[in-house]
Amino acid sequence: TLFNEPILNELGFDQKAAVEMMAYLTGLGLISNLVAGKLATRKRIGILLGVGLLALTFALALFPSIRSTMQLRLYGAVMGFVGGIVTVVHFSVWGQFFGRAEIGRIQGVAQVLTVLASAIGPTCVAWFADQRHSHLPAYYGFALLTLFASILSFLMPLPIEKIEARAVLR
């Protein structure tokens, strides 16, 4: 969203379309927060994140080919939906994965890494804009990375389940 207007201008949209897309993103994000919060149990959190990241993969891969206002609205809705899921997972996963004893330290490190990752994305988009004279190629790379993260989310066992399984075996 940092380069929202220039990127949408590159696709042929004006400032009004950018504001409208952000409204869809925000509205669906709030609704998604509520739904994801209800679904975010320990047994479902990997699946929840995997579904969100898979939706993000498709949104990122298709973004450069958006041409209509309806497609842009759908993109904003998907991005809001995914943002709601990722927000809930980010703030609830640490206690579920590792227990509550060190939750402050774990969330502190996670927040720092989140800020660093948030700086890398716009830097990559700006680099593509400088090198390729287009922001859009970066989205294909982001889609591949997100697909990989989605697959890992579906396959990754929860650490706390491993600990509980070992305790049962003893």
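Could you name every one of the helices (runs of 4 or more DSSP H) located completely within region 2-78 that has at least 1 residues being polar (S, T, N, Q) and either out of contact with any helix residue (DSSP H, G or I) (no Cβ under 6 Å at 6 or more places or on another chain) or open to solvent by 50 Å² or more (accessible area, probe 1.4 Å) (or both)? Show your work before the answer.
Details: elements: 4-10, 15-39, 45-62.
Ranges flagged: 4-10, 15-39.
Considering only region 99-143, state which residues are assigned to a helix (DSSP H, G or I) and hydroxyl-bearing (Ser, Thr, Tyr).
Start the filter on region 99-143 by keeping residues that are assigned to a helix (DSSP H, G or I), which leaves 103-132, 137-143.
Residues satisfying the conditions are THR114, SER118, THR123, TYR139, TYR140.
Kindly indicate whether VAL168 is open to solvent by 30 Å² or more (accessible area, probe 1.4 Å), among the β-branched types (Val, Ile, Thr), assigned to a helix (DSSP H, G or I) and at pLDDT below 90.
Spelling it out, VAL168 is indeed open to solvent by 30 Å² or more (accessible area, probe 1.4 Å), among the β-branched types (Val, Ile, Thr), assigned to a helix (DSSP H, G or I) and at pLDDT below 90.
So the check is Cβ under 9 Å with 6+ separation or different chains; which pairs have a first residue in region 83-96 that's without any contact (Cβ under 8 Å) to a residue 40 or more places away in the chain and a second one that's among the β-branched types (Val, Ile, Thr) and assigned to a helix (DSSP H, G or I)?
Filtered contacts from region 83-96: HIS90/THR114; TRP94/ILE103; TRP94/ILE106; GLY95/ILE103; GLY95/ILE106.
Working only within region 114-141, note down all residues that are surrounded by 15 or more Cβ atoms within 10 Å (Cβ to Cβ) and on the phi > 0 side of the Ramachandran plot.
Once the filter is applied, which keeps residues that are surrounded by 15 or more Cβ atoms within 10 Å (Cβ to Cβ) and on the phi > 0 side of the Ramachandran plot, region 114-141 yields nothing.
Taking interchain pairs and intrachain pairs at least six residues apart, which have beta carbon atoms under 9 angstrom, with the first residue in region 14-31 and within 8 Å of GLY80 (Cβ to Cβ) and touching a residue at least 12 places away in the same chain (Cβ under 8 Å) and the second in a loop (DSSP other than H, G, I, E, B) and open to solvent by 60 Å² or more (accessible area, probe 1.4 Å)?
LEU25/THR1
The values are calculated or read from the model by the stated rules, or taken from the named source; none is laboratory data. Worth saying up front: this structure is predicted, and the values here are computed from it rather than measured. All Cβ positions, glycine included, derive from the backbone under ideal geometry; neighbour counts span all protein chains shown. Surface areas here come from the heavy atoms of the whole protein model, side chains and all, with no ligands, DNA or RNA. Shrake-Rupley method; radii C 1.70, N 1.55, O 1.52, S 1.80 Å.
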